[in-house]
Amino acid sequence: MAVQIQIRRGTASAWTSANPTLAAGEFAMETDTDKYKFGDGSTAWTSLGYSSLPSTAISNTVVDAKGDIIAATADNTVAKLTVGSNGQVLTAASGQSTGLQWATMTHTAITVADTTDTSCSVALFESATGDLGPKTDGGITYNAGTGVLTATGFAGPLTGAVTGNASTATALATARTIGGTSFDGTGNISVGLAATATALATARTIGGTSFDGTANITP
């Protein structure tokens, strides 16, 4: 069989009017204030103090608005940190009593250049982590009108088709033979002339005279 335990209860005014003396350890509460008392067997209601939460308990009265945060200001000491503004973030701040504060995030605006800008600055980032604010360098620019990227130098392998001339003489990866002379592009070559007369494979007629290159002709 279930057992039901009921606590003595009544409104604050009803308790004051009746002013009973609670037995030692007897519990009673005010239904309209949610306050309660424990009797000691000798003190009347109006002279008996209300019981309270233990000192280690945190009361909901610490906060009073949406978004408030309960923080500590010292050992076993709590305080309210009022909610910040929209967009702010919570950061550590040793100079504040709670060790915390709301801060506004800083950002860097990036404006995209239009397609006719002839001297766009190229965005650079100094590291892969941390502060990634874009930087620029006058040594590299981009012409949005022509699609040309200009820099003072380039290092590293180059793949794909390129146009224009090399700024300095370069050698062929594989030398070629021209007129019996090896040529790699680093210097000029001399092509020797034939030492003996040679004939054309097929003679031709010049001024009515057959000519195969082996002799002079007289007009």
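Here, each number is a calculation from the coordinates, and none is a lab measurement. The shown structure was predicted, so the numbers you read here are calculated from the model rather than taken from an experiment. Virtual Cβ from ideal backbone geometry, glycine too; neighbours counted across all protein chains shown.
Extent of the stretch 62-104 along its three principal axes (Cα atoms, max minus min coordinate, largest first): 31, 24, 8 Å. Full extension of the chain between Thr82 and Ile7 yields a length gain of 23.2 nm, computed as 0.36 nm times the residue separation minus the alpha carbon distance. Within straight-line reach of Lys135, meaning a Cα separation under 18 Å, sit the following aspartates and glutamates at least 8 residues removed in sequence or on another chain: Glu126.
Would you work out the relative contact order for the chain, in percent, from Cα pairs under 8 angstrom that are 6 or more residues apart? Value for the chain: 7 percent. When only the Cβ of Lys, Arg, Asp and Glu is charged (+1, +1, -1, -1), the dipole of the stretch 1-136 relative to its Cα centre reaches about 480 debye.
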